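All remarks here apply to the structure that follows.
The numbers here are math on the coordinates, done by the rules we state, and not lab data. Just so you know, these numbers come straight off a predicted model, no measurement behind them. Quick reminder, even Gly has a Cβ in these numbers, built from the backbone with ideal geometry, and neighbours come from all protein chains shown.
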Amino acid sequence: MKRRSLFLNTTATMGFIFLYAPMIALVVYSFNKSKLVTVWGGWSLKWYGELFRNDQIIDAALLSFKIAFISASVAVVLGTMAGFVLSRFRRFRGKMLLAGWISAPLVMPEVITGLSLLLLFVAMEGAFGWPAGRGTSTIIIAHVTFCMAYVAVIVQSRLSQLDETLEEAAMDLGAKPSSLFFLVTLPLIMPAVISGWLLSFTMSLDDLVIASFVSGPGNSTLPMVIFSKVRLGVSPEVNALATLMIAVVAIGVTAAMYQMRRQAKLLEKQG
Amino acid sequence: MSTQTGSAWVEGSGSRLAKYNIFKRLNWGRFSVIAVPMLWLAVFFFIPFLVVFKISLSETAIAVPPYTALLDWNLDEAFINLKLNLGNYLFLFEDSFYIDAYLSSIKIAAISTVLTLLIAFPIAYMIARSKPTTRALLLSLVILPFWTSFLLRVYAWMGFLKKNGLINEFLLSTGIIDQPLIMLQTDFAVYVGIVYTYLPFMVLPLYSALEKMDLTLLEAAEDLGSRPATSFFLITVPMAMPGIIAGCMLVFIPAVGEFVIPALLGGSDTLMIGRVLWDEFFLNRDWPMASAVAVVMLIVLVLPIMMIRNSQGKEEAV
């Protein structure tokens, strides 16, 4: 028994090393003075300076943040609606269809989603003159479509774990459906809604393939700029950018975990 | 998939939430909550597939947009002309390039899926059997990379696998090898990339299956004289099967259509269908051909997609 758990721990630890080693190397090499990415030339913040002087990257980053913010906000509303309908409404015609449509984007290869949306936009432009050309708005529509699927899944699973007595009590006390939702259900599922927003934001910020299909000329998002730089080889500026992004995620996740742990302790005390 | 949980919840004999039926009276509230997401998905998810199918039946043309119309009509002269062109599909099956690309994508995706399963299983097993407090920490360690950029995680491997990259430097300095290994721009790099980026998708379903397992079954088997290895294959693996299937499909399906990983880590001879579609569209500007490639890819993937929906349905029904 002892020997088996040693084997298990070793393989699992190697799995974790596999997960983290490339990212740690990326972070360390972002502080490398040398232009040659694999030669260590001493510590330096040089590439961070280069990064912030690179207008192409900065413009693309601003555009990507704008798209991610709008996409995540719209996707949260639509995805919460879909998740709510799927877990709280009685059977209605089209429920199976909605369930299928909402889960399919999760596994659909991105090249197919991107191509099909682009062809739709072109056909729509031909038929009604909208959307005129492609750019920020078409990227947002595309991102909302795949992000809302993730939000719906998260909200739905939270709703199915939720204790229904609070909602019942509100109804017994005569709450209208709208106030029942906004005053009781929504606050209860808020953690799921927030994580849905954050997930949508990061997925939108990260998307290369779909955005490449549906964007127009002059609308390069951050992943598109990174991809074109990286295709030519390893770039120290991209290392610096990656380090900043990893730092933001690490701080965010640590803060979220700390908050969750504090709440769990509070609940324990109350209980 | 949701009907089991959803309807059991609201329609269960005692559930008073069936009163959400107040919506029935004013219908507008209920109607719009259903209609808005439904309409969005119909327009931006479902109809696009019909458009792709339609365009796959047209011919390439030097025009904007670069394909011919399927339907010509002129009501004054009273003619309707429907032109269906199966040429793209015929070409797809005549030219071995496309068939090879499909087969090679399926092969690469299948091998990577098996490798991911082999690496993910010990991780999921260890997490499921650890103390509840460490469990949360280990789980978030698995999920954390998922929150960072996919593109940058693939990129991180470029620095690792290159000819003068970290792995080669390390192996050379320890004297294990005396010639740098060529790893970047090979199929091997593509396997590493897929395993690396899709690992969380495999660990999470495996973990949730293993965590639910009743450990007394293993004790019972031990008492009856079963060796650990036997119990593992006869009890643990079958019990984890729903998680194994879900995880494999979550890795396999997107891996078949993967573009970024073969484009950055693969060589010019790494043939994957996602890349073929991309080149057909962006380099050859042959939109009808790209659409035909997409339609066939979708048909190839329908079976695994149905499998994952079934396994999810079962899991929720339990």
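The base-10 log of I(q)/I(0) for the range B:85-317, evaluated at q = 0.07, 0.09, 0.11, 0.14 Å⁻¹, reads -0.31, -0.50, -0.71, -1.01 [Debye formula, identical scatterers on Cα atoms, solvent excluded]. Each label point was placed 7 Å from the Cα along the Cα-to-Cβ direction; for B:PHE31 and B:LEU283 their separation is 5.3 nm.
Convex hull over the alpha-carbon atoms of the protein assembly as shown: what's its volume per residue in Å³?
On the way: hull volume 118.8 nm³, N = 589.
Cα convex hull per residue, to the nearest whole number: 202 Å³.
The charge dipole of the range B:85-317, taken about its Cα centre with unit charges on the Cβ of Lys, Arg, Asp and Glu (plus for the first two, minus for the last two), comes to roughly 520 debye.
In the structure displayed, which of A:LYS35/B:LYS107; A:LYS229/B:LYS107; A:LYS66/A:LYS229; B:LYS107/B:LYS131; A:LYS229/B:LYS54 lie more than 27 Å apart, Cα to Cα? Show your work: numbers first, answer last.
Values: A:LYS35/B:LYS107 38 Å; A:LYS229/B:LYS107 30 Å; A:LYS66/A:LYS229 22 Å; B:LYS107/B:LYS131 38 Å; A:LYS229/B:LYS54 36 Å.
As for pairs spanning more than 27 Å Cα to Cα, those are A:LYS35/B:LYS107; A:LYS229/B:LYS107; B:LYS107/B:LYS131; A:LYS229/B:LYS54.
Would you mind ranking A:LYS176, A:LYS229 so that the residue whose beta carbon has the fewest other beta carbons within 10 Å leads the list?
Numbers: A:LYS176 14, A:LYS229 18.
Arranged by neighbour count, lowest to highest, A:LYS176, A:LYS229 become A:LYS176, A:LYS229.
If you look at the Cα atoms of the range A:5-164, you get an Rg and a Dmax of 22.6, 66 Å.
Among B:THR216, B:THR197, B:THR230, the ranking by other beta carbons within 10 Å of each residue's beta carbon, starting with the fewest, stands as B:THR216, B:THR230, B:THR197.
As an equivalent ellipsoid, chain A spans semi-axes of 38, 30, 18 angstrom, where each value is the square root of five times an eigenvalue of the C-alpha gyration tensor, largest first.
When you restrict to C-alpha pairs under 8 Å that are six or more residues apart and normalise by the size of the range A:60-222, the relative contact order lands at 45 percent.
Sites listed here are trypsin sites (Lys or Arg not before Pro) in the range A:76-109 whose DSSP assignment is loop and whose Cβ has at most 10 other Cβ atoms within 10 Å: A:ARG93.
Find out how many positive minus negative residues lie around B:GLY274, taking Lys and Arg as positive, Asp and Glu as negative, among other residues whose Cβ is under 9 Å from that of B:GLY274.
Working: positive: B:ARG275; negative: A:GLU110, B:GLU258.
Local net charge: -1.
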